[in-house]
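Working notes for the structure below.
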Amino acid sequence: MAARSSEDPLTRAMELPKGTTTETRAARHQLEALAKQTSNEIDDWLKRDAAVAKRNRQVRLLLLGQAESGKSTMLKNMRLVYAKEEFQNERLNWPPIIHYNVLRMTATVIRLVEDAILEQDAHPPTRPSASSNDVTHPHPGTFTNEHRVLCLRLKPLLEVEAGMSKHLVQSLYRRPGEEVCVHSYFSWTKHFQSVRHSRADALKTEVKRVLNGSCSTITQLWHDPIVRRLLQDQGFQPEHEAGFFLDELERITALDYEPTDLDVCKARLKTIGITETQLRVRLPFGHTDWVVIDVGGSRTQRAAWKPFFEDVHAIVFLAPLSAFNQTLEEIPGVNRLEDSMLLWTDISSSPLLARAHLILFLNKIDLLRKKLERGIKFGSFVRTYEGPNDCDAVCKYMKKRFLSIYKEGLEKLKESEKASTSRIIKSFFTSALDLTSTREVIMQVESSILHDNLSNSKMI
Ligand SMILES: Nc1nc2c(ncn2[C@@H]2O[C@H](COP(=O)(O)OP(=O)(O)OP(=O)(O)O)[C@@H](O)[C@H]2O)c(=O)[nH]1
Ligand SMILES: [Mg+2]
């Protein structure tokens, strides 16, 4: 071996002359180590430089807003616009989550009805007259044996729900009684692909079979007028809790069910942590890469947002106007709309975001309209509002409030000489489940951001 290496011209050239002292050898090794270290540092520096150059070419958008404001839904809409094929290829990963939404909703209804029956048994309602004392004609509005039978027949679903969260969503996070969360959309879809042929796959099939078999019983419970009244009395807002899937149960529990784009957008999976999604926006003369950053919106997660403020080009802030009569899940006493306005105040006046454009989505307008039409008084929750209880008037009022908060923030930034003169503010009324109108809004946002990007790079 030694003879062969001394025949190699490079090895021979590197060899020290015969008679070299130990000190010279040590100095030579030290020099070689130093050269290697310098070379590694240059490689690292070049890599970092390339990463910075790539980052500079990207447009970074940060989606912000309280939990359930519609951030992940807006990201799905963006993927539908800019990465439609990829989005649609992933559609088949979604039935377990949609079925999980159905199971969770059904389990909640069963538990509420069971509790109400127990309460009724403990304190039977007083009957209006002696004639209605007949057990075969119970007092209207009370739960009957039929309700008990429905709950009993659906009881196995509670176990299926628990099994589903245990086995199917191993990469997701959940504390007992809490909503399942996703840490990262992509690790989640990979997880589902990797378990496709495993034991979890059998459970997915079982869930499909059980839901298909229980479809008519769930529908009966869901549409029962006494159950409906109970849900209403409990302040339960099915439109916020994936109740929309129970309205289409036959289609969604069919054995050959394939979700539509809208079903995927409707599916609820709470975000924990931060996910970055790269989208390629094609232009007539090339493309730009957008990185859309989606975050978890609950109060405990907001501290994790700050590191992403630094090099972001635009904040897309979602404020769900329909939440005017709801409180935060994490802090029950706090009104959601008030929380949105406080959050917007912080964002508008944050020196870290002084150079970022602000895109305001006043979201869930479809739900706002439904609530107002149902007679829920906006002015009872937002005391400063004195206008009519109609959607257009409320939207106009809320837009004014949000824009005046923005202006106050801008004044503060100007005082500290942090305000950027090129900062754009745009506001839109959105219903993120109306895919056509949301697409148009996304295109308008695209042209505002691109226009600014091009003018900054002195191309126009
Ligand atoms: N009707 C209606 N539902 C919406 C709208 N936007 C979002 N949703 C629904 O509201 C629920 C919550 O939306 P998400 O996008 O998961 O909310 P998020 O802001 O990402 O919430 P976190 O991940 O918890 O921070 C989902 O079931 C959506 O389908 C809307 O404009 N109208
Ligand atoms: Mg989310």
Could you please give the count of residues in region 285-302 that are more than 14 Å from ligand 1 (Cβ to nearest atom) and either under 22 Å from residue 68 (Cβ atoms) or over 19 Å from the mean Cα position of the chain (by Cα) (or both)? 5
If a residue has to be open to solvent by 10 Å² or more (accessible area, probe 1.4 Å) and closer than 17 Å to residue 367 by Cα to count, how many in region 72-83 make the cut? 1
Pairs only if they're at least six apart or on different chains, beta carbon under 8 angstrom, first in region 384-408 and closer than 20 Å to residue 318 by Cβ and assigned by TED's automatic domain parsing to the domain that holds residue 338, second part of a loop (DSSP other than H, G, I, E, B) and of a type outside the set (S, T, N, Q); list them, first residue then second. 394/385; 394/387; 397/385; 397/387
Going through region 57-73 one residue at a time, which ones are more than 6 Å from ligand 1 (Cβ to nearest atom) and touching a strand residue (DSSP E or B) at 6+ places or on another chain (Cβ under 6 Å)? 58, 59, 60, 61, 62, 63, 64
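Scan region 274-281 and tell me whether some residue there is within 12 Å of ligand 1 (Cβ to nearest atom) and either in contact (Cβ under 8 Å) with a residue 24 or more places away in the chain or farther than 29 Å from residue 450 by Cα (or both). First the steps, then the outcome.
Let us first name the residues in region 274-281 that are within 12 Å of ligand 1 (Cβ to nearest atom), namely 274-275.
Then keep just the ones that are either in contact (Cβ under 8 Å) with a residue 24 or more places away in the chain or farther than 29 Å from residue 450 by Cα (or both); that gives 274-275.
Checked region 274-281: at least one residue is within 12 Å of ligand 1 (Cβ to nearest atom) and either in contact (Cβ under 8 Å) with a residue 24 or more places away in the chain or farther than 29 Å from residue 450 by Cα (or both).
Considering each residue of region 256-273, count those that are near ligand 1 (Cβ under 9 Å from one of its atoms) and modelled with pLDDT under 90, and give that number.
Of the residues in region 256-273, the ones near ligand 1 (Cβ under 9 Å from one of its atoms) are 265-272.
With the extra rule that they be modelled with pLDDT under 90, the set shrinks to 268-272.
So the answer is 5.
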Given (1) modelled with pLDDT of 95 or more; (2) among the charged types (D, E, K, R); (3) within 16 Å of ligand 2 (Cβ to nearest atom), where does residue 241 come up short, assuming only one miss? (1)
The lone condition residue 351 fails out of (1) within 16 Å of ligand 1 (Cβ to nearest atom); (2) over 16 Å from residue 66 (Cβ atoms) is (1)
So, of the residues in region 282-327 that are surrounded by 20 or more Cβ atoms within 10 Å (Cβ to Cβ) and farther than 25 Å from residue 450 by Cα, which turns out to be farthest from ligand 2 (Cβ to nearest atom)? 324
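The values are calculated or read from the model by the stated rules, or taken from the named source; none is laboratory data. Worth saying up front: this structure is predicted, and the values here are computed from it rather than measured. Heads up, the Cβs are rebuilt from the backbone with ideal geometry, glycines too, and the neighbour counts pull from every protein chain shown. Side chains are part of the model used for accessible areas, which takes the heavy atoms of the whole protein and leaves out ligands, DNA and RNA. Shrake-Rupley method; radii C 1.70, N 1.55, O 1.52, S 1.80 Å.
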